Amino acid sequence: MEKTSRIQRFDLLRIKQMTVRFITSVSIFAVTVFFTPNFNISSFPILILSSLCIIIFDYLISIISGIHDIPLGRGIVGFVAAAIIIYMTQYFVDGYYISVISSLIAAAIYGLINSMLPNKV
């Protein structure tokens, strides 16, 4: 019984973390789009959808590779992963366009702002 409640608390914590991550991601992404050249998002729903897509890709990569579990994961490896995720999102979300160089700039801006936010809920 105690094990079940721990799992439920873990799931609830994971849902809270993903919700906070989504809200902050939309905010950070809006700022990033504004400051990044050759980065176009056609509407607010596309911004929401692309943020959701980026969060899902980031979550899958962290599960598969464990990038965010190591200190280097927040450095150059995390930066490259973020740039790839930001760039690849344009193939899944219509109305989202970014060039390769702009994805590097966007990953730097996104990483800089994200590093200033607390990781725990």
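Values for this structure:
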{"item": "Qualifying residue in segment 77-94 (condition: over 12 Å from the mean Cα position of the chain (by Cα), modelled with pLDDT under 85 and more than 19 Å from residue 26 (Cβ to Cβ))", "result": "yes"}
{"item": "Cβ-Cβ under 8 Å pairs, at least 6 apart or on other chains, segment 14-27 side under 24 Å from residue 44 (Cβ atoms), far side aliphatic (A, V, I, L, M) and modelled with pLDDT of 80 or more", "result": "18/55; 21/55; 22/52; 22/55; 25/54; 25/55; 26/47; 26/48"}
{"item": "Tally of residues being over 13 Å from residue 55 (Cβ atoms), modelled with pLDDT of 70 or more and not polar (S, T, N, Q) across segment 13-34", "result": "5"}
{"item": "Residue check for residue 66: under 18 Å from residue 115 (Cβ atoms) and at pLDDT below 80", "result": "no"}
{"item": "Per-region count, segment 35-50, residues in a helix (DSSP H, G or I) and at pLDDT 85 or above", "result": "7"}
{"item": "Qualifying positions in segment 86-103 - surrounded by 19 or more Cβ atoms within 10 Å (Cβ to Cβ) and in a helix (DSSP H, G or I)", "result": "86, 89, 90, 102, 103"}
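The values are calculated or read from the model by the stated rules, or taken from the named source; none is laboratory data. All figures in this text were calculated on a predicted structure; none of them were measured in a lab. Quick reminder, even Gly has a Cβ in these numbers, built from the backbone with ideal geometry, and neighbours come from all protein chains shown.
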